[in-house]
1. For the list (1) in contact with a helix residue (DSSP H, G or I) (Cβ under 7 Å, 6 or more places away or on another chain); (2) at pLDDT 85 or above, I need the number of the one condition that residue 63 fails.
2. Could you count how many residues in the range 27-43 are more than 10 Å from residue 90 (Cα to Cα) and in contact with a helix residue (DSSP H, G or I) (Cβ under 6 Å, 6 or more places away or on another chain)?
3. Looking at the range 66-83 only, could you name the residues that are at pLDDT 95 or above, surrounded by 17 or more Cβ atoms within 10 Å (Cβ to Cβ) and over 13 Å from residue 21 (Cβ atoms)?
4. Could you list all residues from the range 84-100 that are surrounded by 13 or more Cβ atoms within 10 Å (Cβ to Cβ) and either at pLDDT 95 or above or not in a loop (DSSP other than H, G, I, E, B) (or both)?
């Protein structure tokens, strides 16, 4: 039987903030972006890679998932965190102009 727990936003925020895949993908894709319009795409890719890492860790048994329902919130919070990391990568290490 599945043990259903109440929605816990604190845990989701911590997972989103400390997810290494979200941080790494957001920063590296933001760093490679040569236009600010590409930052939301980098944030979305970071959020999905972070969720994929969470899903693999839960499937292997590192995390004990008791209930469904927080996954959409985790992706949305990962989108915000990924956007912050993409902006940091974009500002700190701008992409070299290509061409000429």
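The values are calculated or read from the model by the stated rules, or taken from the named source; none is laboratory data. Computed from a predicted structure; not experimentally measured. All Cβ positions, glycine included, derive from the backbone under ideal geometry; neighbour counts span all protein chains shown.
1. So residue 63 meets the others, but not (2).
2. 2
3. Of everything in the range 66-83, those that are at pLDDT 95 or above, surrounded by 17 or more Cβ atoms within 10 Å (Cβ to Cβ) and over 13 Å from residue 21 (Cβ atoms) turn out to be 79, 83.
4. Residues satisfying the conditions are 84, 85, 86, 87, 88, 89, 90.
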